[in-house]
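Here the structure is laid out as structure tokens; the discussion comes afterwards.
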Amino acid sequence: MRPNITASSTALFSTWVFIENFGVLLDAGDGVSASLGQKSRKVRHVFVTHADRDHICGLLQLNQLNARDGIPAIYFPKDCGSFPALKEFFSKFDPQSGVATWTGLQAGESIKLKGELFVEARTSLHVVSGDLCKALDYTICSSRRTLKADYRDLPGKEIAALREANGEEAITEMRTEKLIGYSGDAPELEPKHWEGVRILIHEATFLETETARNSHSNLPQVLRAASQLQLEALILIHFSARYSKEEIDAAILAQAASLSPSFPIYAVYPGEVKTDILASVPLWEPSAPPTT
Ligand SMILES: [Zn+2]
């Protein structure tokens with residue numbers, strides 16, 4: 001199933017990414033409820049990467065409109081004091097609202113969503129504060145039992161007999177797929193960190209290397225590093241508002257032309273709400289392999 005991803009992201013101002021069919025919101029920047037309208041009621045899990053205001057300011061309205069019976073479940077880096085403070089403030093400011101669930105996470109922890117889906121919290125290098133967990137990034141995974149490689153070529157009857165004799169667990173193994181990786185803010189793209197991810201949503205605040213600073217990524221590094229990955233799609237977000245759509249397009253196309261990445265590239269422009277991103281025409285598409 002193609003994830004239905006809607007996002008809005010402008011560096012400094014607001015970033016949120018909604019994956020409708022998973023009921024997941026990644027970060028909750030200003031305007032998320034206004035943009036999603038009634039669809040914001042579909043948000044069941046909110047995974048926040050860090051407490052910069054452009055990633056959290058939509059929580060107040062989301063909470064006021066939608067919190068009920070422990071939903072949404074809001075997850076945040078466990079050593080970040082801003083979130084307990086927000087929770088307390090929300091309960092005083094909007095005492096009539098329902099109650100959400102607030103849970104601090106540290107890197108390595110997983111949260112089960114529906115069915116085979118789960119989200120893994122991972123170390124983000126955006127805010128490094130000793131051993132304290134002040135920033136996370138997230139990977140949405142699915143995990144299911146598949147036939148062990150040794151048995152895959154056997155006829156169905158033999159597999160059924162083996163299952164009968166030895167049990168399901170003897171002939172199958174758990175297989176985890178990393179469906180979506182989400183960087184939040186990140187100083188750069190580390191290929192190793194995102195190995196195996198199918199769809200990567202990564203920030204690219206600056207179009208040129210020279211302007212990279214403040215623990216943010218720049219487009220040349222992001223595209224070079226991403227080209228080492230076997231992605232199915234790259235979605236670039238968090239561009240600085242100093243750049244026009246035309247400048248962003250030109251920079252991505254020029255750099256992609258020299259790198260020839262094997263995956264499509266989508267861009268979320270500053271100030272834009274981009275709906276069902278993977279259904280749109282990508283900015284960059286790899287040329288089809290020659291048919292013989
Ligand atoms: Zn940011």
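Every read-out reported here was derived from the displayed coordinates using simple, explicitly stated rules and does not represent laboratory data. Not measured: the values here are computed from a predicted model. Here the Cβ is made from the backbone with ideal geometry for all residues, glycine too, and neighbour counts use every protein chain on show.
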### Message
Tell me whether the stretch 73-139 comes out rounded, prolate or oblate; compute the Cα gyration tensor, take square roots of the eigenvalues as a ≥ b ≥ c, and use a/c under 1.5 as the rounded threshold.
### Response
oblate
### Max mean-square fluctuation residue, GNM over the chain, Cα-Cα springs under 10 Å, options D69, D79, D54
D69
### Query
What nm value, rounded to one decimal, do you get for the distance between D79 and R163 when each label is placed 7 Å out toward the C-beta?
4.7 nm
### Message
Using Cα springs under 10 Å in a Gaussian network model of the chain, which residue among G167, G70, G23 shows the largest mean-square fluctuation?
### Response
G167
## Note on the structure
Quick note on Y151, Y182, Y243, ordering by fewest other C-beta atoms within 10 Å, gives Y151, Y243, Y182
### Query
Using θ = phi - 60° and the Karplus curve 6.51 cos²θ - 1.76 cosθ + 1.60, what whole-Hz ³J(HN,Hα) does each residue of the stretch 98-105 get, with Gly and Pro shown as x?
x, 10, 7, 10, 10, 9, x, 10
### Task
For A241, put the label point 7 Å out on the Cα→Cβ axis and report which residues of the stretch 1-45 keep their amide N under 13 Å from it.
9-15, 30-31
## Note on the structure
Descending packing, highest mean Cβ count within 10 Å first, for 152-161, 9-18 is 9-18, 152-161
## Note on the structure
Gyration tensor on Cα atoms of the chain, a ≥ b ≥ c root eigenvalues, a/c under 1.5 rounded, else prolate if a/b beats b/c, else oblate, says oblate
